[in-house]
Amino acid sequence: MAPMAALSFLVSPFASVAPVIFLVAACIYLWQLQWNLRRDRDWKLPLPPGSMGLPFVGETFHWFLQGSNFHASRRKRHGNVFKTHLLGRPVVRVTGAEYLRPLLMEEHSLVGVSWPRSAQDMLGPSSLANSIGEIHIHRRKVYARIFSHSALESYLPQIRNLVGETVSDWCTRHQAVTVYPETKQLTFRIAVAVLLGSLPAREELTDLFSTFEQLTRNIFSLPFDIAGSGYRKGIQARDKLHLYFEKAIENIRESSASEENSSALSILIKSSKDHRMEMSTQELKEAAVELMFAAYATTASACTSLVLQLLKNPAVFAKLKGDLQTRGITGREDTLHHAAIAHLHYLDCVVKEVLRVLPPVSGGYRVAQRTFELAGFQIPKGWSVLYSIQDTHYTAPIFQDPEMFNPDRFAKNQMEGKNIRFHYLPFGGGVRRCLGKELAKLILKVFAIELTNVSHWELATKTFPKMLLVPIMHPADGLKVWFSTQLSNRS
């Protein structure tokens, strides 16, 4: 081939691709530039460091794929306050108690509630998550009765029965249990039983679970309402759930006049009347979906993390088992009450440490109500602020060796003189601290008590799984474990 012809052969493909490369590069440059131009010009402070990613999608796909490494790598590069672009919104990610304090304590002044558009639409405008100001305060008072001491005591028999049946079933199987999907089914059944007072028929319950899974998978999705999109699937699941709960609400209203009903929904209906904020059917449907979402998905995550950490730390499991046996607690006592469980101090330390190391929700969303300063940077009005829970736990100066799983760090003599507020917040903080935290901890403790009856358990894979953050903390392979009530020689 002649030299000129060869050169032409090589240059021709590049010449055809070059304009495309240039256009893509120009789009990315303009995308990044526009955010600097949209900073608040009345403030001399710069925007936080970081990247806004690709046009329109930002760093959303990086977030999904990298999991916990996404925020950790950017925090290492940019510090505890950095900017990014997730789920269609500019976001400032914040880590550390000193920076979280104003975000959690000055809601309605500096920041307001801000969930991604997809979550807002699926949970509904009257949900606690989307309520603001005085409305939010009053609704929390109405909801609080669901989680009172007497309410938790009334839920306990169902919780213990369902947990006991599940763990016993795991021990009789001749194959490894995939813990995360199994605990999701368990906590879903608990959530339905608590919410409605009883469980529906198996086929109906299976269909309800499948629908809720569809909602959970898509609650954090790009807000594109097109056929086949995650957003559309989530909305369809929400509508189906609303139809189901509408019938359940009608049945509870009809039965409440003639019989005592201790279901969470019946308590909520009565509480709203007592507070002179009687809830409409639509508000109750949204409340049911929100309570179910909050109760089953995050608690399943925590239960799975409990199993994972006890597998990784057999000495902790042995100490927990010994402590419970010394106290005569095996999980089979008919007289085991909520108050007695609350006084099992080492069990409480184990649960707290699980939630420190692997909090189910990695952070919380807010939106800047006005431009303000944080860590020497401006946070422009209208930008989302995502505060980090897990990163804050791992960087908190009050926790020595934060990578180590050590329940004893929460012993009374270890925590004396330490103010853990804003350093430890697995249930969030401020005016939006999780109302259902005591129910979640109760389920975790009952689950842990039942696990101590298992004589043998071991990881069914060669290595422990990678942990993913979206939509909540969970193991990539579901965590495969052998359980048995008999000592095993399985190799």
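The values are calculated or read from the model by the stated rules, or taken from the named source; none is laboratory data. Model, not experiment: these values are computed from the prediction. Heads up, the Cβs are rebuilt from the backbone with ideal geometry, glycines too, and the neighbour counts pull from every protein chain shown. SASA here: full protein model, heavy atoms, side chains in, ligands and nucleic acids out. Shrake-Rupley method; radii C 1.70, N 1.55, O 1.52, S 1.80 Å.
Of note:
- In loop segments of segment 245-323 as defined by DSSP, the trypsin sites (Lys or Arg not before Pro) with at most 12 further C-beta atoms inside 10 Å of their C-beta are Arg276.
- Values of log10 I(q)/I(0), in the order q = 0.11, 0.17, 0.21 Å⁻¹, for segment 360-491 under a Debye, Cα-only, solvent-free model: -0.62, -1.24, -1.46
- Segment 348-393: translational diffusion in µm²/s, Stokes-Einstein, Kirkwood Rh over Cα pairs, 37 °C, 0.692 mPa s: 267 µm²/s
- Partners for Lys466 among aspartates and glutamates (Cα-Cα distance below 16 Å; same-chain residues under 8 apart left out): Glu403, Asp477
- For segment 134-285, the fraction of alpha-carbon pairs lying more than 24 Å apart is 45 percent, rounded to a whole number.
- Under the membrane-span-like helix rule (DSSP H runs whose alpha carbons stretch at least 27 Å along the helix axis, mean Kyte-Doolittle hydropathy 0.0 or higher), the chain yields 3-37.
- Among the listed pairs Lys312/Lys480; Lys247/Lys441; Lys233/Lys445, those beyond 25 Å (Cα-Cα): Lys247/Lys441; Lys233/Lys445
- When the convex hull of its Cα atoms is projected in every direction, mean area for the chain (nm²): 30.8 nm²
- Residues of type lysines that Lys141 reaches as a straight line, Cα spacing below 16 Å, ignoring anything fewer than 8 places off in the same chain: Lys270, Lys273, Lys437
- Excluding the site residues themselves, the longest part of the chain lacking any chymotrypsin sites (Phe, Trp or Tyr not before Pro) in a DSSP loop with at most 14 other Cβ atoms within 10 Å is 225-491.
- With every protein chain in place, the chain: carbon and sulfur % of accessible area (1.4 Å): 56 percent
- Table column - 3J(HN,Hα) (Hz), segment 112-124, Karplus curve with 6.51, -1.76, 1.60, x for Gly and Pro: x, 5, 8, 8, x, 3, 4, 5, 4, 6, 7, 7, x
- Per residue solvent-accessible surface (Å²) - the chain, probe of 1.4 Å: 47 Å²
- Cα-based convex hull volume of segment 287-330 per residue, rounded to whole Å³: 77 Å³
- Cross-link partners of Lys285 among aspartates and glutamates (Cα-Cα below 13 Å; sequence separation of 8 or more within a chain): Asp239, Glu246, Glu250
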